[in-house]
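Below: the structure, in structure tokens.
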Amino acid sequence: MRKINIGKGLEVSVVGLGCMGLSHAFGPETEKEVGIKLLQEAVAIGYNFFDTAEIYGAHNEELVGEALEPYQDRVVIATKFGIKGMCNKTGKMDLDSSEAGIRESLEGSLKRLRVETIDLYYQHRQDPNTPVENVARTMQKLIDEGKIKAWGLSACDADTIRRAHAICPVTAVENEYSMAYRTMEKDGVLEVCEELDIAVVPYSPLAKGFLTNTIEKGATFAEGDLRGIMKRFSDEAMEANQELLQFVVGLAEEKGATPAQISLVWVMARNEKCIPIPGTRNVERLRENAGAAEIMLSKDEYTRINELLAKIDFMEVNFF
């Protein structure tokens, strides 16, 4: 898979792998041996960019660390700090981005990931008790100490990016972005990232599976799969958003691709530093997603897609 440089010497595959679903939020935890096999198969396919987080559970970072330990010289591992706990029923988060809290999180992640330095360290959510300027100063200290190579922000707004970047340059921003969820086009985040040459790392680029055309109205999900309580998978939202889905399906047929591939290609076409990180537990889906890197959209096709998307009244709904 082709790679691009996102700054600080980090060269990443143009499609990365979001590892959250291996042990968090999408049903029962993947068996260790199965997870290790999948992660190592991802490396063999050409992935070198892997995304995890402290809040995904110790097993997630431990799984990523053990699986990728033999490949540390050729992979880029991103993890996140700042969420100490979360209530799955309410979505309320226990946030801590104090310097002491960050350092505690970092030491735990280094140990679980079996590395001496974190390649890309994101603030997972903004802490209302700690100004982002303070977080940026802590990140600069950690860079100077050799604890991390680069840092980023997740689920943030444009003003936060500017304030943080002014203190310690931000390498990447990880926000939700897909054909079905285009808030970053409206709130200035994409614009400021392009202006400041910051990479955009869209999570949920397949709209948590909606854009794969594999989830039907009224679908049930496994125990522990948070999609079962998300409003975006309610019958009302699923029905309202069929126009977009059928548009993607039709375009995929035209291009001889899958809906998932077209969705990823569209995200990657946004700019040269837009790197989607779809997650999966399935090796065939790994290959399918990687195949999106070989599909190109012409300028006219991209323009036509955006013109059609602008006419579709998609119902954007929040996480829960």
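The values are calculated or read from the model by the stated rules, or taken from the named source; none is laboratory data. Because the structure is a prediction, the values reported are computed rather than measured. Please note: Cβ atoms are built from the backbone with ideal geometry, for glycine as well, and neighbour counts cover all protein chains shown. For the accessible areas, the whole protein counts, side chains as well, though only heavy atoms, and no ligand, DNA or RNA atoms are used. Shrake-Rupley method; radii C 1.70, N 1.55, O 1.52, S 1.80 Å.
A few points about this structure:
- In this structure the amide hydrogen of residue 86, modeled in the peptide plane, comes within under 5 Å of the amide hydrogens of 94, none closer than 5 places in sequence on its chain.
- Label of the coordinate-derived value, Cα extents along the principal axes in Å, listed as (1) 51, 43, 40; (2) 55, 51, 33; (3) 70, 42, 40: (1)
- The residues of segment 128-222 expose on average 40 square angstrom of accessible surface per residue, using a 1.4 Å probe on protein heavy atoms.
- Rounded tilt (10° steps) of 58-68 against the dominant C-alpha axis of the chain: 90
- Scalar couplings 3J(HN,Hα) for segment 166-174, obtained by applying the Karplus form with A = 6.51, B = -1.76, C = 1.60 to θ = phi - 60°, are 5, 9, 9, x, 8, 8, 8, 10, 10 Hz; x denotes Gly and Pro.
- Full extension of the chain between residue 196 and residue 220 yields a length gain of 4.4 nm, computed as 0.36 nm times the residue separation minus the alpha carbon distance.
- Accessible-area composition of segment 1-71, carbon plus sulfur, in percent [1.4 Å probe]: 49
- Overall form of segment 146-219 per C-alpha gyration tensor (a/c, 1.5; a/b vs b/c): prolate
- Segment 1-150: C-alpha gyration tensor shape, a/c 1.5 cut-off, then a/b vs b/c: oblate
- Of the solvent-accessible surface of segment 103-154, computed with a 1.4 Å probe over protein heavy atoms with every protein chain present, carbon and sulfur atoms account for 43 percent.
- For segment 13-119, accessible area per residue (1.4 Å probe, heavy atoms of protein chains only), Å²: 42
- With the helix formula -39500 (n - 2.57) applied to DSSP H stretches of n ≥ 4, the chain reaches a computed 222 nm mean residue ellipticity of -12000 deg cm²/dmol.
- Using Cβ point charges alone (K and R +1, D and E -1), the dipole size of the chain about the Cα centre works out to roughly 240 debye.
- On Cα atoms only, tilt of 99-113 relative to the major axis of the chain in degrees: 70
- ³J(HN,Hα) computed for each position of segment 257-267 - Karplus, 6.51 cos²θ - 1.76 cosθ + 1.60, integer Hz, glycine/proline x: 10, 9, x, 4, 5, 4, 4, 6, 4, 4, 5
- What the phi angles of segment 280-288 give under the Karplus curve with 6.51, -1.76 and 1.60, with θ = phi - 60°, is a coupling list of 6, 10, 10, 4, 5, 5, 4, 5, 4 Hz, glycine and proline written as x.
- In segment 1-129, Cα pairs under 8 Å separated by at least six residues give a relative contact order of 23 percent.
- Relative contact order (percent, whole number), the chain, Cα cutoff 8 Å, 6+ residue spacing: 19
- Assuming charge only on the beta carbon of Lys and Arg (+1) and of Asp and Glu (-1), the dipole of segment 168-289 about its Cα centre is about 280 debye to the nearest 20.
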